[in-house]
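Q: First, the structure itself, so that you have it in front of you.
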């Protein structure tokens, strides 16, 4: 096995939480279809009998591959690599080894607070519903630890276990997805609603061969009485998705990233399209081709998450696929 270490020198931050619903280490989201990129957000709610947590170790199960942990200020990140039991396809490249355990070390998470530890990876190779366990260990200095590694046997209630391992439930991929890439998803046929929001239209632009950055957008209508905010967009078709704005400054058109997302005012419609607010797909492995589709997961501050699909139009078409009347 090989080890990679990254040390962050900035001060660590923790999030205080009153009345945690779970005393166990659990994932914020605990289900995903197979063949999708999944962000495993581990919640650590307390220390070891009052002692602060100084290290968190997470073992990755077979089928959770190409893992990338999120660094945390104030913690040293250790990535332990090893062989997979099977070979997995990574955008046309066969991969048989990668990260098998992630460790955040050297921090100081007080028992009075909780924090999250994030690992992004692809769930792959499952043709039936499967529960994946991520055995997790909290170290509290050199003389105390809590191990979350118990897995229920068939028919056993996981809530009856004293130290259950964090798990995610994987469901089989759709037939379309299982047979190849982001271009096989079916596009949405009409408006999709989440909370008080209605998402409609939308498209991604076709990309030139070899290009790594693509653009796209859609329309969001807020039918409620309170503002909401689009805070994040993710897609398995890109390494990351950013929200950008183009605006005139001193007669010069400039583009900037919107780190705080986009406000969706109550009673109004916000359009993401070329020339204004829009999405930028970064680190694209397979350039978008006209006729393909690109799946995205939209996260709103109040309405929550929504899966949506953008058809790929011509390189010169409107990114949002939405025309003014």
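The values are calculated or read from the model by the stated rules, or taken from the named source; none is laboratory data. Everything numeric here is computed off the predicted structure, so don't read it as measured data. Quick reminder, even Gly has a Cβ in these numbers, built from the backbone with ideal geometry, and neighbours come from all protein chains shown.
Q: Might you let me know whether the range 66-74 holds any residue that is more than 25 Å from residue 285 (Cα to Cα), crowded, with 19+ Cβ neighbours inside 10 Å and in contact with a strand residue (DSSP E or B) (Cβ under 8 Å, 6 or more places away or on another chain)?
A: yes
Q: So residue 265 ticks every box in (1) under 27 Å from residue 196 (Cβ atoms); (2) surrounded by fewer than 16 Cβ atoms within 10 Å (Cβ to Cβ); (3) modelled with pLDDT under 90 but one. Which box is left unticked?
A: The number of the failed condition is (3).
Q: If you don't mind, there's one more thing I want to ask. Look through 305, 254 and report the one residue that is farther than 18 Å from residue 205 by Cβ, assigned to a strand (DSSP E or B), at pLDDT 85 or above and assigned by TED's automatic domain parsing to the domain that holds residue 191.
A: Sole residue among the options that is farther than 18 Å from residue 205 by Cβ, assigned to a strand (DSSP E or B), at pLDDT 85 or above and assigned by TED's automatic domain parsing to the domain that holds residue 191: 305.
Q: Right, next: If residue 286 satisfies all but one of (1) over 17 Å from residue 198 (Cβ atoms); (2) in contact with a strand residue (DSSP E or B) (Cβ under 6 Å, 6 or more places away or on another chain); (3) not in a strand (DSSP E or B), what's the number of the condition it fails?
A: Among (1) over 17 Å from residue 198 (Cβ atoms); (2) in contact with a strand residue (DSSP E or B) (Cβ under 6 Å, 6 or more places away or on another chain); (3) not in a strand (DSSP E or B), residue 286 violates only (2).
Q: Identify, please: which residue in the range 286-306 is closer than 11 Å to residue 233 by Cβ and surrounded by fewer than 20 Cβ atoms within 10 Å (Cβ to Cβ) and is, among those, nearest to the chain's Cα centre (by Cα)?
A: 297
Q: Within the bounds of the range 232-239, is there any residue that is farther than 22 Å from residue 314 by Cβ and either touching a helix residue (DSSP H, G or I) at 6+ places or on another chain (Cβ under 9 Å) or modelled with pLDDT under 90 (or both)?
A: yes
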